Amino acid sequence: MADARVMVNLRKGLVEFCVLGLLVHGPKYGLELARRLQADGLAASDSTLYPLLARLHSAGLVESEWRESDAGRPRKYYALTGDGAAAFAAFVDTWAPLRDAVDVVIEEAS
Amino acid sequence: MIAPDLPARSTRWLTEVASDLDRLPAGERAELLDGLRAHVREALDAGESEAEVLARLGEPAAVAAEALVASPGPALSVPLGPPAPLGYWNSKRIVQLTALVLALLAYLALAFAVPVYSTYSTDSGGSGTSGDQTLAEANGIAVLFVMAIPVVLTAIPLIVRGRAWPTVSLVTGLLVVAFVLIASLSIGWFFVPAMIAAIVAVALPPRAGRSPRA
């Protein structure tokens, strides 16, 4: 398993883009997002998500609303804004070459 | 009331998080608490026990700490733009520049143009010579260095940036005043306009005209 500190530092800047990415195909509610992040190993606990969502909300990248659901009670749904979609697109453009460059370094090192 | 429809332990947990978030902007704080409240509700509705839900959320203090770290992500800088840079120029700088220009003008006038000694001097032999002399002509080159003091003093705050700047502005401003007072019997008056500008600059707040980031 990867060293925990390395993981924390790497994750920090990436998780918010992953949240944006998870919303590309439509709104999701909090519990859904939180569990998905944890299942993927992107978040340490359920609560990691909410400070991040609140920041994305303040920055205008994500909007939220209470909406009726088939579960009966209204749920709080999060959706991507236009700016949020643009930020994710910009991240994807940056990430791919970066990932390739890191992969090359790792390959050479091994 | 933080969460009227939630069980007691969850309400306590949320209250504790809320009390640690004073420093967060109000809108962000409300959105965060609303999100957490919704999460607890959703998890309880999904059949999880309250203990389980709270355990998976973690310590209230940890949530608050996470929320209060300076936003690390580059995503946030896309719509917000880069943090407003502390610009070099503001009204205080401009007045300081004015002080420097006035001090320089006084210096040049004293050094080369204005005849300070327009009277009569007698030598040891008793014969008088009359004529106009500038300060340098009368007192030699050394006086040019003395007169340069207010020029240097008004220039220093323009070179300094950052935290020390207001203090440096204050100290150099006071030194200009001291210089003018000490020299008020002779050349000091020439530097009065520069001194006034320096005093105005000291009085101005360092960031006048720049509204703080919301």
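The values are calculated or read from the model by the stated rules, or taken from the named source; none is laboratory data. Note that this is a predicted model, so its numbers are computed, not measured. Cβ placement follows ideal geometry from the backbone for every residue including glycine, while neighbour counts extend to all protein chains displayed. Quick note on the areas: whole protein, heavy atoms, side chains included, nothing else; ligands and nucleic acids left out. Shrake-Rupley method; radii C 1.70, N 1.55, O 1.52, S 1.80 Å.
Worth a mention:
- Area projected by the alpha carbon convex hull of segment A:8-51, averaged over all directions, nm²: 2.9 nm²
- Build a GNM of chain A with springs between Cα atoms under 10 Å apart, and of A:Arg55, A:Arg67, A:Arg11 the one that fluctuates most is A:Arg67.
- Taking the Kirkwood radius as Rh and the Cα radius of gyration as Rg, segment B:1-46 has a ratio of Rg/Rh equal to 0.97.
- When peptides B:41-54, B:188-201 are sorted by average Cβ neighbour count within 10 Å, with the highest value leading, the order is B:188-201, B:41-54.
- Per-residue ellipticity at 222 nm computed for chain A from its helices equals -20500 deg cm²/dmol, with DSSP H segments shorter than 4 residues left out and the rest contributing -39,500 (n - 2.57).
- Solvent-accessible surface, computed for protein heavy atoms with a probe of 1.4 Å, shrinks by 30 Å² or more for the following residues of segment B:37-55 when the other protein chains are added to the isolated chain: B:Ala38, B:His39, B:Arg41, B:Glu42, B:Asp45.
- Heavy-atom accessible area per residue - segment A:2-109, 1.4 Å, Å²: 53 Å²
- Kirkwood-Stokes translational diffusion coefficient of chain A, alpha-carbon pairs, 20 °C, 1.002 mPa s, µm²/s: 140 µm²/s
- Threshold 30 Å², segment A:60-78 residues less accessible with all protein chains present than alone (1.4 Å probe): A:Leu61, A:Trp66, A:Arg73, A:Lys76
- Contour minus Cα-Cα distance for B:Ala26 and B:Val200 (0.36 nm per residue): 58.9 nm
- For A:Lys76, a cut-off of 29 angstrom between C-alpha atoms picks up these lysines, skipping any fewer than 8 places away in its own chain: A:Lys12, A:Lys28.
- The Cβ shell under 9 Å around B:Arg41 holds other residues with a net charge of +1, Lys and Arg each +1, Asp and Glu each -1.
- Shielding by partners - mean other protein chain Cβ count within 10 Å, residues of B:187-193: 0
- Solvent-accessible area buried by B and A, counting both chains, probe 1.4 angstrom, square angstrom: 2700 Å²
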